[in-house]
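Engineer: Take this structure, written in structure tokens, and hold onto it; I'll ask about it next.
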Amino acid sequence: MESFFLEYGNLLLRWLHVIAAIAWIGESIHFVMLDLSLRPPKSAHDKQLGIDGELWAVHGGGFYHHQKYLTTPPKLPDDLHWAFWKAYTTWLSGFGLFILLYLLRADIYLVNPASPWEWARQMDGQQAGLLAVLFLIVGYNVYSRLCRLISPTVNHDGWLSLAVGIMMIIVAWLSVQIFPGRAAFLITGALMATCMSANVFFWIIPGQRRMVKALKTGGTPNPLDGAWGKQRSVHNTYFTLPVIFLMLSNHYAFTYTNAYAWVIMVLFIFSGALIRQYFVLRHTGKNDLRFPLAGIILLAVIGWLAAPSADSGAQAMINPAAEQVTVARVHGIVQARCTECHSAKPTQPGFAAAPAGILLDTEQQIVQHASQVKEAVASQYMPLANLTQMTPEERALIARWDGRPD
Ligand code: HEC
């Protein structure tokens, strides 16, 4: 019963998380579009009022006239629309999900028995959970320090982008060394998403509050408050598409169980940023196809890296004299190592239903999922954290199985 309520809580939190994220990202994409689509105002009166740009739009059966003031509007209304709760709700619900899905079972989801580092393999669940949370906190602080050191007055944003790009390569590599692939992709995405939310919380909103306060008390807002907010908001724009991929990556085991997992992660991050750049430029009226083309080339490289190599099929041929592996034999191993979780009635605590919907109770079901089973076992992704202590001999045997019924 308890595992059912965890599962139900998971569903509700995920629903909230996706809704909040759509609302936040949608608004953010809309404002980027708006800002970049502004054209100088047509009427002289508007110019006199200090209006810098305007956009006419038609949407939902109505006509909209957006206007942006270069600096100070003559009078600030009391009912300003602020945008921050969507960002905070997204982060909070995401972190709630992370607790439920990873931290509560950190021993199996966050400890990487295949880590090249001894200390990482030796961590217990609590240590791995703590390290994952530290990863987010330290990661954001390094990123924020880079912004302040390299481009303190928004004067070297090109160099800053380069530094943040290099930082993300290091983060991707590091996360895959420490955590299991699936968690590594999620944690890297969570770090980028934490930077985005923290940018809103620590920079964009406080800066806007100071600007509004200055205006209301008859002072002049500090232009740096606007510039810093803009700088962080630009980073958020380029983080958006990579974060969405990293959040979805959990469904695609071939990305994170791959020997090139961290390279694949890096390529996805840069591909997302490049594709976003195309849309950013497009709003300003440019149609530079080099950016999406570069992004697509990176996606193609990912496909090339992740495709199963021809010799995984040839493995069965290594020793043609070896006796044929029967489904019955595979079934025996699966019963010992997999059905604790992958069963209509899992016995592993915390599992209310077969994970990923993969049932391996019968020979027929095993054959039905043959290629996934072989892939998951060969990549050492399954059994999770090798909780059921599958031996290398058993893995070799499943690799030799041709995946067909007897
Ligand atoms: C401790 C529980 C546990 C054990 C034991 C376990 N699995 Fe899994 N398995 C999971 C969970 C949780 C997922 C879902 C993870 C995900 O979504 O990537 C999963 C997902 C899978 C998938 C789907 C991966 C994909 O492509 O998305 C396959 C295939 C799989 N397991 C096969 C196996 C096999 C074969 C064994 C035994 C050798 C095994 N599992 C043992 C928990 C377990």
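Engineer: Using only Cα atoms, tell me the angle between helix 181-198 and the longest principal axis of the chain; keep it within 0 to 90° and round to the nearest 10.
Structural biologist: Taking Cα atoms only, the helix is inclined about 10 degrees.
Engineer: Take every Cα pair under 8 Å in the chain that's 6+ residues apart, average their separations, divide by the length, and report that relative contact order as a whole percent. Can you show the working numbers first?
Structural biologist: Details: 485 pairs, mean separation 54.9, N = 406.
Contact order relative to length: 14 percent.
Engineer: Pull up all non-local amide H partners of G53: gap of 5 or more, or a different chain, and H-to-H distance under 5 Å with H placed in the peptide plane.
Structural biologist: Residues meeting the criterion, in which the H sits 1.01 Å from N, are K68.
Engineer: Using the alpha-carbon centroid of each, what span in Å lies between segment 144-192 and segment 96-113?
Structural biologist: Taking the Cα centre of segment 96-113 as reference, the centre of segment 144-192 is 22 Å away.
Engineer: May I ask you to list the lysines whose Cα is less than 18 Å away from that of K216, ignoring any residue fewer than eight positions away on the same chain?
Structural biologist: Within the straight-line cut-off, K216 pairs with K75.
Engineer: Counting pairs of alpha carbon atoms under 8 Å apart in space and at least six apart in sequence, what relative contact order in percent does segment 1-106 give?
Structural biologist: Working: 85 pairs, mean separation 36.0, N = 106.
It comes to 34 percent, rounded to a whole number.
Engineer: Quick one: which of K42/K86; K86/K286; K47/K86; K68/K230; K42/K286; K42/K230 span more than 24 angstrom between C-alpha atoms?
Structural biologist: Values: K42/K86 34 Å; K86/K286 30 Å; K47/K86 33 Å; K68/K230 14 Å; K42/K286 22 Å; K42/K230 26 Å.
Listed pairs above 24 Å: K42/K86; K86/K286; K47/K86; K42/K230.
Engineer: Along the charge dipole of the chain, which of I187, T255, Y8 sits closest to the positive end, that is, farthest toward it, with unit charges on the beta carbon of Lys, Arg, Asp and Glu (+1, +1, -1, -1)?
Structural biologist: Positive-most Cα among the choices belongs to I187.
Engineer: At R0 = 30 Å, how high is the FRET efficiency between D52 and I297 if r is their beta carbon distance? Nearest 0.05 is fine. Can you show the working numbers first?
Structural biologist: Details: r = 37 Å, r/R0 = 1.25.
Rounded to the nearest 0.05, the efficiency is 0.20.
Engineer: For a test of the definition: using alpha carbon positions, the gyration tensor, and the 1.5 limit on a/c, classify segment 238-378 as rounded, prolate or oblate. Kindly include the intermediate steps, with their values, before the conclusion.
Structural biologist: Values: a/c = 4.07, a/b = 1.93, b/c = 2.11.
Oblate, because a/c is 1.5 or more while a/b does not exceed b/c.
Engineer: Expressed as an acute angle from 0 to 90° and rounded to the nearest 10, what is the orientation of the C-alpha long axis of helix 157-178 relative to the principal long axis of the chain?
Structural biologist: Orientation of helix 157-178: about 20 degrees from the principal axis.
Engineer: Under 15 Å Cα to Cα from K374, which aspartates and glutamates show up? Leave out anything in the same chain fewer than 8 places away.
Structural biologist: Leaving aside aspartates and glutamates fewer than 8 places away in the same chain, those within reach of K374 are D311, E363, E393, E394, D402.
Engineer: Taking the highest mean first, how do the peptides 243-250, 350-357, 140-147, 188-195 order by number of other beta carbon atoms within 10 angstrom per residue? Let's see the in-between values first.
Structural biologist: Numbers: 243-250: 19.4, 350-357: 14.6, 140-147: 16.6, 188-195: 25.5.
Result, highest mean first: 188-195, 243-250, 140-147, 350-357.
Engineer: Apply the Kirkwood formula to the chain: the hydrodynamic radius equals the inverse of the mean of 1/r over all pairs of different alpha-carbon atoms; give it in Å with one decimal. Numbers along the way, then the final one.
Structural biologist: Values: mean 1/r = 0.0413 Å⁻¹.
Over the chain, the inverse of the mean reciprocal pair distance is 24.2 Å.
Engineer: At 7 Å along the Cα-to-beta-carbon direction for both A328 and A214, put a label point, then send me their distance in nm to one decimal.
Structural biologist: 8.2 nm
Engineer: How compact is segment 1-75 by the rule of thumb for globular proteins, expressed as Cα Rg over 2.2 N^0.38 Å?
Structural biologist: Values: Rg = 20.6 Å, N = 75, 2.2 N^0.38 = 11.3 Å.
Against the empirical 2.2 N^0.38 Å value, I get 1.82 for segment 1-75.
Engineer: Taking the Cα centre of segment 260-406 as origin, work out the dipole magnitude from +1 charges on Lys and Arg Cβ and -1 charges on Asp and Glu Cβ, in debye rounded to 20. Mind dumping the intermediate values first?
Structural biologist: Numbers: 11 positive and 11 negative charges, 149 e Å.
Charge dipole of segment 260-406: 720 debye, to the nearest 20.
Engineer: For the chain, with the dipole built from +1 on Lys and Arg beta-carbon atoms and -1 on Asp and Glu ones, taken about the Cα centre, which of H156, L130, L360 lies farthest toward the positive end?
Structural biologist: H156
Engineer: So how far apart, in nm, are the two label points at Q122 and W15 if each is 7 Å from Cα heading toward Cβ?
Structural biologist: Taking the two extended label points, one gets 4.6 nm.
Engineer: Right, here's the next one. Based solely on its DSSP helices, what 222 nm [θ] is calculated for the chain when runs of n ≥ 4 H residues each add -39,500 (n - 2.57) and the sum is averaged over all residues, nearest 500 deg cm²/dmol? Could the numbers behind the result be given before it?
Structural biologist: On the way: 18 runs with 251 residues, N = 406.
It lands at -20000 deg cm²/dmol.
Engineer: Assuming 0.36 nm per residue, please report the length gained on full extension of the stretch Q335 to E363 beyond their Cα-Cα distance. Numbers along the way, then the final one.
Structural biologist: On the way: separation 28, 0.36 × 28 = 10.08 nm, distance 1.02 nm.
Between Q335 and E363, full extension yields 9.1 nm more.
Engineer: Now a separate question. Given an 8 Å cut-off on Cα distances and at least 6 residues of separation, report the relative contact order of segment 105-306 as a percent. Could you put the intermediate results ahead of the total?
Structural biologist: Details: 236 pairs, mean separation 36.8, N = 202.
Answer for segment 105-306 is 18 percent.
Engineer: Here's a follow-up. Given +1 on the Cβ of Lys and Arg, -1 on the Cβ of Asp and Glu, and no further charges, what dipole in debye does segment 47-139 carry about its Cα centre, rounded to the nearest 20? Walk me through the numbers before you get to the answer.
Structural biologist: Values: 6 positive and 7 negative charges, 34 e Å.
Dipole size: approximately 160 debye.
Read-outs throughout are calculated quantities, based only on the coordinates presented, and are distinct from any laboratory measurement. Given the structure is predicted, the values throughout are model-derived calculations rather than measurements. Glycine also receives a Cβ, built like all others from the backbone with ideal geometry; neighbour counts cover every protein chain displayed.
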